[in-house]
Every structure is written in structure tokens, then in C-alpha cells.
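A short reminder: the numbers here are calculations on the coordinates, not readings from a lab. On a predicted model such as this, the values are computed, not experimentally measured, just so you know. We place every Cβ from the backbone using ideal geometry, glycine too, and count neighbours over all the protein chains shown.
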Amino acid sequence: MSWYQMHRCIYDWVRAGEVNSEDSGDGRAGFDVSAYELTDDERKAFENRDIAALYNLGLHEVLLNRFCRAAGFARDDYRKILEPFGQKEERKARWQK
């Protein structure tokens, strides 16, 4: 069940920053990752903000985007990190043969 726990942990971390940032600056200072049943790899990737590892562990793309933005990555920064994992598509229009 750690796959769900990883998603829940990251969602809660992002949400804590959104909700509590007005009151206490960062809002994530007291975030307790031990409340989630994460594997060692998941915990390490989360704590190190390792975008490539989180992607390989199966973190949903939309949640990965929110996590990257909340962690301070610019779109171009994490796009470069994830670029090696993409598959280039060769597309042809219907009139091309």
C-alpha cells in the first residue's frame, strides 16, 4: 500500500504549504513524514526532492507537477530532469505516407 501512501504524503505536503503559508511562512516546517508508510526508496526520494526517482516510483504526473512547483523548481528545470524518460513520437498527418 506504499504507492498510495507516497501519493498521500506528497499531496499533504503540497497542501500544507498552500494552506499554512499565510500563517507561518513556509507552512511545511513541521511536516511529519513518519506518519506515512513509505518504503526507504520513497522516503529518500521525497526527502531529497529527487524528481526522477519519484517519477520512476510511479508518482502521478499531475501530482509530480504540483510537487515540483511547491519545491521551488521552475518548469524548465524539472522538464530537463524528466526529458530522458520521454519517448519521442514520430507522427504523420493523414495525407503523408
If a residue must be under 25 Å from A16 (Cβ atoms), of a type outside the set (S, T, N, Q) and in a helix (DSSP H, G or I), how many such residues does segment 38-78 contain? 25
Qualifying residues in segment 28-53 (those that are aliphatic (A, V, I, L, M) and more than 11 Å from the chain's Cα centre (by Cα)) - the one surrounded by the most Cβ atoms within 10 Å (Cβ to Cβ): L38
